[in-house]
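**Student:** I have a structure I would like to understand better, so I am pasting it below and will then ask my questions one at a time.
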Amino acid sequence: MTTTAQDLFVTGLKNAHAMENQALSIMKPQASRIENYPEVEAQIQKHITETEGQIARLERILETLGEDKSSLKDLALSLAGSLAAVGHTVAPDEILKNSMANFAFENFEIAAYKSLIALADASGNTTAISDLELNLEEELAMAKWLDENIEMVTLKFAALKEAGETAKK
């Protein structure tokens, strides 16, 4: 059985949909736990809203193709995301671990959207490219923000720890 670019594109869209649901299951608990980093909380809240828009765009593309999201993939990756988010809550440096994990996840999403854009082009689904490029732009912006702010978060964490204050979240 031959796998076509169209097959790969549809599978990639379903995977991206599940990936974005996983992102929500990671970011929502993080945002609710942040106490001492209002700029981080604001950026995560902004990206939660963007991610919800990304999911809607992916669903629109899938509908156009007569396809549906994969509820099983969505459930599995959402559960994995929730477990990852809970895993960092016990760390004394939770905010740092979350910042590093978020930066890595954003770069994973960037690669996924670059791949999807290439597959959209290869499979003749060029009308999907603008929505995928918008998702990519939002992921690039979040990764850039994380990259530009990891030093600030780290130094604030260190200062709070030295002052004997709660610094972990």
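**Student:** Among 146-158, 35-47, how do they line up by average Cβ neighbours within 10 Å per residue, starting with the highest?
**Tutor:** 35-47, 146-158
**Student:** Against the longest alpha carbon principal axis of the chain, how many degrees, from 0 to 90 and to the nearest 10, is the axis of helix 38-64 turned?
**Tutor:** 10 degrees
**Student:** 7 Å from Cα along Cα→Cβ at both Ala111 and Glu39: what's the point-to-point distance in nm?
**Tutor:** Going by the 7 Å Cα→Cβ label model, 2.9 nm.
**Student:** Of the peptides 3-12, 19-28, how do they stack up when ordered by the mean number of other Cβ atoms within 10 Å, highest first?
**Tutor:** Result, highest mean Cβ count within 10 Å first: 19-28, 3-12.
**Student:** Probe radius 1.4 Å, ligands and nucleic acids ignored: give me the carbon and sulfur share of the accessible area of the chain as a rounded percent.
**Tutor:** On the way: 5030 of 8590 Å².
That share works out to 59 percent.
**Student:** Please work out the FRET efficiency for the pair Glu133 and Glu52, using the Cβ-Cβ distance as r and a Förster radius of 25 Å; give the result to the nearest 0.05.
**Tutor:** Efficiency, from the Cβ-Cβ distance: 0.90.
**Student:** Something else: Can you flag which of Lys14/Lys114; Lys69/Lys144; Lys97/Lys156; Lys97/Lys161; Lys14/Lys97; Lys46/Lys161 are past 18 Å Cα-Cα?
**Tutor:** Lys69/Lys144; Lys14/Lys97; Lys46/Lys161
**Student:** Determine which residues of segment 5-25 fall in the zone a paramagnetic label at Asp68 would reach in this model, i.e. backbone nitrogen under 19 Å from the point 7 Å along Cα→Cβ.
**Tutor:** 10-19, 21
**Student:** Send over a whole-number figure in Å² for the accessible area per residue of the chain, probe 1.4 Å.
**Tutor:** Per-residue accessible area for the chain comes out at 51 Å².
**Student:** How far, in degrees from 0 to 90, does helix 71-89 lean away from the longest principal axis of the Cα atoms of the chain, to the nearest 10?
**Tutor:** In the chain, helix 71-89 runs at an angle near 10 degrees to the longest axis.
**Student:** How large is ³J(HN,Hα), in whole Hz, for each residue of segment 111-123 in order, when computed from phi with the Karplus curve 6.51 cos²θ - 1.76 cosθ + 1.60 and θ = phi - 60°, using x for Gly and Pro?
**Tutor:** Per residue, the Karplus-derived 3J(HN,Hα) values read 4, 4, 6, 4, 5, 5, 5, 5, 5, 4, 5, 5, 9 Hz.
The values are calculated or read from the model by the stated rules, or taken from the named source; none is laboratory data. Every value quoted in this text rests on a predicted model; they were computed, and no experiment measured them. No Cβ is skipped: glycine too gets one built from the backbone with ideal geometry, and neighbour counts run over all protein chains shown. Heads up: the accessible areas ignore ligands, DNA and RNA and are worked out on the full protein's heavy atoms, side chains in. Shrake-Rupley method; radii C 1.70, N 1.55, O 1.52, S 1.80 Å.
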